[in-house]
Each structure stands twice: as C-alpha cells, then as structure tokens.
Amino acid sequence: MKKFIVGITGASGFIYGKRLVEELAKENYVYLVVSESAFIVMEKEEGMTKSDFIKKLPKNVEIFDNKNIAAPISSGSQLVKTEGVIIAPCSMDTLAAVANGISVNLIQRVCDVALKERKKLYLLVREMPFSLIHVENMKKVMLAGGVVASASPGFYHKPKTLDDMINFVVGKILDSFDVKHNLFKRWTE
C-alpha cells in the first residue's frame, strides 16, 4: 500500500482535497492535514462540520492537527517513506511560505521537507488572476523541484456536471503520481 501526504488549505475549492483523499484512500494510506482556514471554507462550501468530516474519513486516512509541527510526517526520515506531498487546494499564503522556506505549521513543514528530501511536491493553486508575486512564488517552488498546477479543468472529455470538472482536476493530480483511476476520459478515448 502506497502512502501519501495530503494537505488541504483555506483556498476556495475544498472539494478538490476531499475528492483527492476519497480517491487515494481506495487503495492507499493517506496522512491528512487540514488547516483551520480550510475547515472554515469547508463549512461554507460543503455545509459540513469539522467533526462530521473527520467522522466520515476512511480507516486508512490518518489526520494530523496543522499545529502539530512535531507530527511524525514532519520528519524527513518518515516523509521519505511516502510517495510525496499534495496540497489541494493550495492557498497563496501556503505557496508563499513554501516558496520562501517558511514552516510555521505542519502543512508548510511537510512541503519544506518534501523539497529538501527530493520527494514529489504538488501544489494545486486555486486563485485567479495571478499577481506577479504569485507567479514568482510559483517559479521558486518549481525551481526547487515542486510541481505547481492551477485547478483548471479540461473540456475535451465533454464534462456534463461540476463533478466531471472536479474529477478531471483530481485525475490529473493522480496521473502525476502514477495512481490509476477512471475519473475522466482521456484525449481521443
């Protein structure tokens, strides 16, 4: 069973992180970190409370408090045993912290450790338009070895619902980690 670290930050688009965890948890183990801002966004966007969300997590999802900077996954010796770190959605605040080596919470720390240990780091930013500061921070993360993607669904698979568009974005993340899925039809399928 592969292991992944998933962080959900306070950017709009909580559903991306939620769907990603659901998909990964089908056949993998997930270490999950959700920021307090993300829980606020979740209540607004999903109409779900923090306790309801935590109760509904699959057994193979282990959740950590974002304030727990000493969690096992904050250590390079533990993080190297994972496939990498995915932050979905990634707030511009988290992007800026990662780009500048700031680690004041667990999400930022696991991103920093992923970069130093040369493990895959994938940041799904959910903001538009980008300021030059955002673009410069994306550039820094990419030069350090991270992947930065925008939550931009394709339309060649002819999406009919919002779920189709969400699944496309989540599927592209899974593709980057070689996780098999059937979330969308590929080009020419």
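Residue count for the stretch 163-180 satisfying the condition of being open to solvent by 30 Å² or more (accessible area, probe 1.4 Å) and over 23 Å from residue 92 (Cβ atoms): 5.
Of the residues making up the stretch 55-75, just one is part of a helix (DSSP H, G or I) and β-branched (Val, Ile, Thr), namely 73. Out of the stretch 24-54, which residues are under 14 Å from residue 64 (Cα atoms), open to solvent by 20 Å² or more (accessible area, probe 1.4 Å) and not in a helix (DSSP H, G or I)? Selection gives 29, 31.
Among the residues of the stretch 84-104, the ones that are more than 21 Å from residue 16 (Cα to Cα) and not in a helix (DSSP H, G or I) come to 5 in all.
One residue stands out in the stretch 108-142 among those that are within 17 Å of residue 9 (Cβ to Cβ), free of Cβ contacts under 8 Å to residues at least 60 places away in the same chain and among the charged types (D, E, K, R): the one that is most open to solvent (accessible area, probe 1.4 Å), namely 109. Remark: pairs (first residue in the stretch 61-87, open to solvent by 30 Å² or more (accessible area, probe 1.4 Å); second residue among the charged types (D, E, K, R) and not in a loop (DSSP other than H, G, I, E, B); Cβ separation under 6 Å; 6+ apart in sequence or on different chains) = 69/109.
How about the stretch 146-162: which of its residues are in contact with a strand residue (DSSP E or B) (Cβ under 9 Å, 6 or more places away or on another chain) and either assigned to a strand (DSSP E or B) or open to solvent by 50 Å² or more (accessible area, probe 1.4 Å) (or both)? Please lay out each step first, then the result.
Taking the stretch 146-162 first, the residues in contact with a strand residue (DSSP E or B) (Cβ under 9 Å, 6 or more places away or on another chain) are 146-151.
Those that are in contact with a strand residue (DSSP E or B) (Cβ under 9 Å, 6 or more places away or on another chain) and either assigned to a strand (DSSP E or B) or open to solvent by 50 Å² or more (accessible area, probe 1.4 Å) (or both): 147, 148, 149, 150.
The values are calculated or read from the model by the stated rules, or taken from the named source; none is laboratory data. No experiment lies behind these values; they were computed from the predicted model shown. Neighbour counts run over all protein chains shown; Cβ positions are idealised from the backbone, glycine included. Ligands, DNA and RNA are excluded from the accessible area calculation, which covers all protein heavy atoms including side chains. Shrake-Rupley method; radii C 1.70, N 1.55, O 1.52, S 1.80 Å.
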